[in-house]
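A.B. asks: Mind looking over this structure? Questions follow.
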Amino acid sequence: MVHQPVRKVRTVMSAADINRVLTRIAHEILEANRGTENLLLLGIPRRGVPLANRLAEKLAEIDPEFVAAERTGQLDITLYRDDLGRTGTRVPASTIIPPVGIDDAVVVLVDDVLYSGRTIRAALDALADLGRPHTVRLAVLVDRGHRQLPLRADYVGKNLPTASSEHVRVHLAEIDGDEAYYTADQVQIVDVIN
Amino acid sequence: MRHLLATRDLSYDHALAILDTAQEMASVSDRSIKKLPTLRGQTVVNLFFEDSTRTRTSFEAAAKRLSADVLNFAVKTSSVSKGESLKDTVQTLEAIGGDAIVMRHWASGAAQQLANFGWSSSAVINAGDGTHEHPTQALLDAFTLRNRLYNQQGTGKDLAGIHIVIVGDILHSRVARSNVWLLHTLGAKVTLSGPPTLMPVGVHTWPVEVNYDLDALLAQRPEAVMMLRVQAERMSGDFFPSAAEYTRRWGLTNDRYKKIANTPTLIMHPGPMNRGLEISAAAADSAQNTALEQVANGVSVRMAVLYLLLAGQLGQ
């Protein structure tokens, strides 16, 4: 019989928690930017993309001049990763830049979990090949620590101290909606016990 | 997937992964900085035992756009002409530091031999072996078809229900062979047409139909008609009575072209075109002809293949 490691799962954020922190982050972005002028949101696939869309909708609710569809895109970083040889290749997702372009824009990168920082490093490289933003900010749903690069997020939904043996699992309806064990948006910490 | 040797053994999932990756690579070619850091520090060796400007340049552009280093190895000016074996040549190149070998060879099966005999640890990409296969050409043809048929919204789609007619010298054509297997894997219906003397023995075991009447086939309004080059250099005997007769029966002449002009039927050609022989100038220069798009798409498809083989192991 194959030995299966035991997994202990703790839910640390509910759908309501996620919604609340996204509302707060939307207000923080507006406050820091003094409005929505030149603002672009770029989600990092996969789960950064629905989070960027949700943030954009909240910004549009607060400031009707912000047209979410024209100011939201996605930035795929697969081809810029420095660990391709270790993790194996995958088919890259699309990079979609809003028609206004990123030159001189205030770009907010959006991702679900900030961990080593390598994804964000790759995102900064990818962004530099696409144009020259005025400013780049980072918004994440969860910061779980263990950074390997000198990077920090500007907007953090929840600081989540974790052990490096733990996994952080983010479920979002847009992506995980058809999985059997899944019920609603949530953030879980999964502990693998051998 | 460690090597790309033939489309015959390419799975549906891997074929779609290559086409979908090529779609993203194509968007890199549209922007001002046409370079990705993906293969930085890796070396791609172009080992060409036959002359080919188009394929070699295409692989070179693809490797350079992914930041790989490229070594072009022209066999004619090398020690191969002094009698060095393929094994010694390849091991020498690997000692210099090659990570992938893109090889064109006059012998059918040369790429398989290189990949399977344990002579090298490099990824091997078959850029045409004898009269056997030319897999990246078939992949770029499928990519071009998908782009035209689905208006560049083809990601994740195959070619199910599409009818493609391949015309000409099937016997000597590695492009035809690679296309037959790949198009079949992707769900398309393939019909072959051409002189009976240029049909391979055993073609009835292939997943294709054979119809010698090109006019009847064109009347069926296939989604694409792929004209093959008449390969004078591979014909050791006489396979058809005269060039004029070939053109009259299997060439895309002006008269034939007029019948499909302004219809959705695409005209494909792997190049270089013999104008006046297998294709008329009017057909060659028409907007239905995808030959130049095929060349441009070749770079995207080869970027996808190099990335999927070299950046890590696909599906492992």
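Nothing in this text is a laboratory measurement; each read-out follows from the coordinates by a stated rule. Predicted model only: the values in this text are computed from it and were never measured. Because the Cβ atoms are built from the backbone with ideal geometry, glycine has one as well, and the counts that use them run over all protein chains shown.
A.B. asks: In whole angstrom, note down how far apart the Cα centers of region B:179-228 and region A:117-143 are.
C.D. replies: 50
A.B. asks: Cβ under 14 Å from B:N126's Cβ, B:N126 left aside: what net charge do those residues give with Lys, Arg +1 and Asp, Glu -1? Kindly include the intermediate steps, with their values, before the conclusion.
C.D. replies: Details: positive: B:R2, B:R8, B:R56, B:R104, B:R174, B:R177, B:R302; negative: B:D9, B:E50, B:D129, B:E133.
Within the 14 Å Cβ shell, the charges total +3.
A.B. asks: Related question: Reachable lysines from A:K158, Cα under 24 Å, same-chain residues fewer than 8 places away excluded?
C.D. replies: A:K8, A:K58
A.B. asks: Here is a further query. In cubic angstrom, how much convex hull volume per residue do the alpha carbon atoms of chain A span?
C.D. replies: Here the figure is 139 Å³ per residue.
A.B. asks: Bin by bin, in steps of 10 Å, what percent of the Cα pairs in region A:24-108 do you find, going until the bin that has the longest distance?
C.D. replies: 17, 46, 24, 11, 1
A.B. asks: May I ask for the angle, rounded to the nearest 10°, between helix B:53-65 and the longest principal axis of chain B, with both axes built from Cα atoms and the value confined to 0 to 90°?
C.D. replies: Long axis of B:53-65 versus the principal axis of chain B: about 50 degrees.
A.B. asks: Would you kindly give the portion of the calculated P(r) for region B:168-224 that falls above 12 Å, as a percent of all Cα pairs? Spell out each step's value before the answer.
C.D. replies: Working: 1060 of 1596 pairs.
When every Cα pair of region B:168-224 is considered, 66 percent fall beyond 12 Å.
A.B. asks: While we're here: Among the lysines in chain B, how many pairs, 8 or more places apart or on different chains, have alpha carbons under 19 Å apart?
C.D. replies: Counting lysine pairs in chain B gives 4.
A.B. asks: What net charge do the residues around B:V167 carry, taking every other residue with its C-beta under 12 Å from that of B:V167, with Lys and Arg at +1 and Asp and Glu at -1?
C.D. replies: Details: positive: B:R229, B:R249, B:R256; negative: B:D169, B:D213, B:D215, B:E278.
Every neighbour counted, the sum reads -1.
A.B. asks: Report the local net charge at B:N211: Lys and Arg +1, Asp and Glu -1, summed over other residues whose C-beta lies under 13 Å from its C-beta.
C.D. replies: Local net charge: -1.
A.B. asks: What ³J(HN,Hα) values, in whole Hz, does the Karplus curve 6.51 cos²θ - 1.76 cosθ + 1.60 give for region B:94-105 when θ = phi - 60°, with x put for Gly and Pro?
C.D. replies: For region B:94-105, the Karplus-derived couplings read 5, 5, 6, x, x, 9, 9, 10, 9, 10, 10, 9 Hz, x marking Gly and Pro.
A.B. asks: Round to the nearest 10 and give me the degree value, 0 to 90, for the angle of helix B:12-29's Cα axis relative to the longest principal axis of chain B.
C.D. replies: On a 0 to 90 degree scale, this one is about 80.
A.B. asks: May I pose another question? At most 10 other Cβ atoms within 10 Å and a DSSP loop assignment: could you name the GluC sites (Glu not before Pro) in region A:15-109 that fit? Working shown, then result.
C.D. replies: Details: sites: A:E28, A:E31, A:E37, A:E57, A:E61, A:E65, A:E70; in loops: A:E37, A:E65.
Here the sparse-neighbourhood loop sites are A:E65.
A.B. asks: With just the Cα atoms defining each centre, how far is region B:59-124 from region A:1-56? Give it in Å.
C.D. replies: 48
A.B. asks: So, R0 is 45 Å and r is the distance between the beta-carbons of A:D154 and B:R2; what FRET efficiency does that work out to, to 0.05?
C.D. replies: Numbers: r = 43 Å, r/R0 = 0.95.
Between A:D154 and B:R2 the formula returns 0.60.
A.B. asks: Please tell me the relative contact order of chain B in percent, rounded to the nearest whole number, where contacts are Cα pairs under 8 Å and at least six residues apart. Kindly include the intermediate steps, with their values, before the conclusion.
C.D. replies: Working: 578 pairs, mean separation 68.8, N = 316.
Result for chain B is 22 percent.
A.B. asks: If you don't mind, there's one more thing I want to ask. Please report, for the Cα atoms of chain B, the Rg to one decimal and the Dmax as a whole number; what are they, in angstrom?
C.D. replies: Rg, Dmax (Cα atoms, Å): 19.3, 56.
A.B. asks: Give me B:V90, A:V140, A:V156, A:V110 sorted ascending by neighbouring Cβ count inside 10 Å, so fewest comes first.
C.D. replies: Lowest count first: A:V156, B:V90, A:V140, A:V110.
A.B. asks: Does anyone have the angle between helix A:118-130 and the longest principal axis of chain A? Alpha-carbon axes, 0 to 90°, nearest 10?
C.D. replies: The two axes meet at around 30 degrees.
A.B. asks: How many percent of all Cα-Cα pairs in the protein assembly as shown sit more than 32 Å apart?
C.D. replies: On the way: 67284 of 129795 pairs.
Here the tail beyond 32 Å accounts for 52 percent of pairs.
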